[in-house]
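Okay, structure first, notes after.
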Amino acid sequence: MRLVMLGSPGSGKGTQAAVLARELSVAHISTGEIFRQNIKDRTELGMKVKQYTETGELVPDSIVIAIVADRLGRDDCRTAGFILDGFPRTVPQAAALDEWLEKEEMPLSRVLELRVERDILMRRLTGRRHCAICRIDYNIVFKPPRTEGRCDKCGGALVLRADDSEESIARRLDVDAAKTRPLHQYYEEKNLLTTVDGSKEVTAITVEILEKLGRSVASASAAGRAN
Ligand code: AP5
């Protein structure tokens, strides 16, 4: 199974991709997460991309494409498959991905697009928090901790992601509308696109995706446990 997960910031790409990767036993590749880890580790790549990610701009295509091609070339992606979360995000990225996959004879199985209204995206993103110590995700609106501001697991302080300021969220949504939305038509024309209502409850979305991929809905219980 080789999947691409499309959707605006806050549509739930990361949430669904993590569950689907476990359900389908494929590699989960999140370009945003690769960048955040590199920024945290102060690598050369991290220093290069920090300014872009924190202000809500896209990292230049040449940097992202090289990273994804390197990751897709590893054994786990070749043998088990993958789910791409946050890539491609521009038409040139999608064209580069097509070219690479064609050369490697690894065609995409499906492109899943999560559709969510802007006001819900704003509420999800402004409410998102993670533990500064163990990095578990919370949401003060949709998935609150038992004690306000504290991680249920380790008691660490809950903090905002660096790009979840209101200014950066607004910029990310504008960039998404201008640069990433055209991918809807790009993949529709290739007959690869499956659109899913991303405003429902997390497990209901997972179930709908698995159904649309022709996978047993019995695995929905496993998806529910994973949440
Ligand atoms: P990235 O990490 O990909 O961020 P994003 O696209 O802005 O998406 P988010 O992670 O904010 O949201 P999501 O859709 O994954 O939703 P999530 O599941 O977290 O990229 C970050 C930055 O890196 C970019 O801005 C850019 O600078 C750079 N970058 C990355 N890829 C790039 C590329 N290809 N090219 C160029 N630059 C690139 O959910 C959000 C919140 O909602 C969470 O709190 C969650 O708990 C909650 N939630 C999720 N689903 C539901 C639900 N169904 N009901 C209620 N709450 C829900």
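To keep it simple, each residue is scored yes or no on (1) free of Cβ contacts under 8 Å to residues at least 40 places away in the same chain; (2) hydrophobic (A, V, I, L, M, F, W, C); (3) in contact with a Lys or Arg (Cβ under 6 Å, 6 or more places away or on another chain).
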position	(1), (2), (3)
R78	yes, no, no
E113	no, no, no
M122	no, yes, no
A132	yes, yes, no
G155	yes, no, no
R172	no, no, no
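Is it the case that S165 is out of contact with any helix residue (DSSP H, G or I) (no Cβ under 8 Å at 6 or more places or on another chain), open to solvent by 20 Å² or more (accessible area, probe 1.4 Å) and within 22 Å of F35 (Cβ to Cβ)? Explain how you work it out, then say what you get.
On the way: out of contact with any helix residue (DSSP H, G or I) (no Cβ under 8 Å at 6 or more places or on another chain): yes; open to solvent by 20 Å² or more (accessible area, probe 1.4 Å): yes; within 22 Å of F35 (Cβ to Cβ): yes.
Answer is yes for this residue.
State the number of residues belonging to the stretch 116-140 that are aliphatic (A, V, I, L, M), open to solvent by less than 80 Å² (accessible area, probe 1.4 Å) and within 13 Å of the ligand (Cβ to nearest atom). Let's see the steps before the verdict.
Within the stretch 116-140, the first condition is being aliphatic (A, V, I, L, M), and the residues that meet it are 116, 120-122, 125, 132-133, 136, 140.
Now narrow it down to the ones that are open to solvent by less than 80 Å² (accessible area, probe 1.4 Å): 116, 120-122, 125, 132, 136.
Still in the running and within 13 Å of the ligand (Cβ to nearest atom): 116, 120-122, 125, 136.
Residues in the stretch 116-140 being aliphatic (A, V, I, L, M), open to solvent by less than 80 Å² (accessible area, probe 1.4 Å) and within 13 Å of the ligand (Cβ to nearest atom): 6 in total.
Tell me whether the stretch 12-32 contains one or more residues that are at pLDDT 95 or above, of a type in the set (A, V, I, L, M) and in a loop (DSSP other than H, G, I, E, B).
The answer is yes, given that some residue of the stretch 12-32 is at pLDDT 95 or above, of a type in the set (A, V, I, L, M) and in a loop (DSSP other than H, G, I, E, B).
Using the structure shown, decide if Q51 is under 15 Å from S30 (Cα atoms) and not acidic (D, E).
Values: under 15 Å from S30 (Cα atoms): no; not acidic (D, E): yes.
Spelling it out, it is not the case that Q51 is under 15 Å from S30 (Cα atoms) and not acidic (D, E).
Do you know which residues across the stretch 72-90 are away from the ligand (no atom under 16 Å from the Cβ) and out of contact with any Ser or Thr (no Cβ under 7 Å at 6 or more places or on another chain)?
First pass over the stretch 72-90, keeping only residues away from the ligand (no atom under 16 Å from the Cβ): 73-81.
Within the stretch 72-90, G73, R74, D75, D76, C77, R78, T79, G81 meet the criteria.
T79 fails exactly one of the following numbered conditions: (1) touching a Gly at 6+ places or on another chain (Cβ under 6 Å); (2) more than 22 Å from L6 (Cβ to Cβ). What is the number of that condition?
With (1) touching a Gly at 6+ places or on another chain (Cβ under 6 Å); (2) more than 22 Å from L6 (Cβ to Cβ) applied to T79, the lone miss is (1).
Do you know which residues across the stretch 44-76 are within 20 Å of D174 (Cβ to Cβ) and in contact (Cβ under 8 Å) with a residue 24 or more places away in the chain?
Answer for the stretch 44-76, where residues must be within 20 Å of D174 (Cβ to Cβ) and in contact (Cβ under 8 Å) with a residue 24 or more places away in the chain: T53, E54, T55, G56, E57, L58, V59, D61, V64.
Provide a single number: the residues in the stretch 95-106 that are out of contact with any strand residue (DSSP E or B) (no Cβ under 7 Å at 6 or more places or on another chain) and either under 20 Å from L20 (Cβ atoms) or polar (S, T, N, Q) (or both). Break it down stepwise before answering.
The initial filter retains those residues of the stretch 95-106 that are out of contact with any strand residue (DSSP E or B) (no Cβ under 7 Å at 6 or more places or on another chain), namely 95-105.
The next check asks that each one be either under 20 Å from L20 (Cβ atoms) or polar (S, T, N, Q) (or both); those that pass are 97, 101.
Qualifying residue count for the region: 2.
Can you list residue pairs whose Cβ atoms sit under 9 Å apart, with the first residue in the stretch 1-28 being over 14 Å from T180 (Cα atoms) and open to solvent by less than 10 Å² (accessible area, probe 1.4 Å) and the second being of a type in the set (G, A, S) and within 11 Å of the ligand (Cβ to nearest atom)? Count only pairs 6 or more apart in sequence or on different chains.
L3/A17; Q16/G7; Q16/G198; A17/S30; A17/G86
Of the residues V68, V91, which single one is open to solvent by less than 40 Å² (accessible area, probe 1.4 Å) and modelled with pLDDT of 95 or more? Explain how you work it out, then say what you get.
Values: V91 fails: open to solvent by less than 40 Å² (accessible area, probe 1.4 Å).
Checking each option against the conditions leaves just V68.
For residues in the stretch 97-115 being in a loop (DSSP other than H, G, I, E, B) and open to solvent by 40 Å² or more (accessible area, probe 1.4 Å), which is nearest to I205 (Cα to Cα)? I'd like the intermediate steps shown before the answer.
Looking only at the stretch 97-115, we keep the residues that are in a loop (DSSP other than H, G, I, E, B), and these are 104-109.
Subsequent filtering for residues that are open to solvent by 40 Å² or more (accessible area, probe 1.4 Å) retains 104-105, 107, 109.
Details: E104: 31, E105: 30, P107: 25, S109: 19 Å.
Taking the candidates together, the pick is S109.
For R171, state whether it is in contact with a strand residue (DSSP E or B) (Cβ under 9 Å, 6 or more places away or on another chain), among the charged types (D, E, K, R) and near the ligand (Cβ under 10 Å from one of its atoms).
On the way: in contact with a strand residue (DSSP E or B) (Cβ under 9 Å, 6 or more places away or on another chain): no; among the charged types (D, E, K, R): yes; near the ligand (Cβ under 10 Å from one of its atoms): yes.
Here the answer is no, as R171 does not meet what is asked.
The values are calculated or read from the model by the stated rules, or taken from the named source; none is laboratory data. In this text, all values refer to a predicted model and were calculated from it rather than measured experimentally. Positions of Cβ are backbone-derived with ideal geometry, glycine not excepted, and every protein chain shown enters the neighbour counts. What goes into the accessible areas is simple: the full protein's heavy atoms, side chains included, and nothing from ligands, DNA or RNA. Shrake-Rupley method; radii C 1.70, N 1.55, O 1.52, S 1.80 Å.
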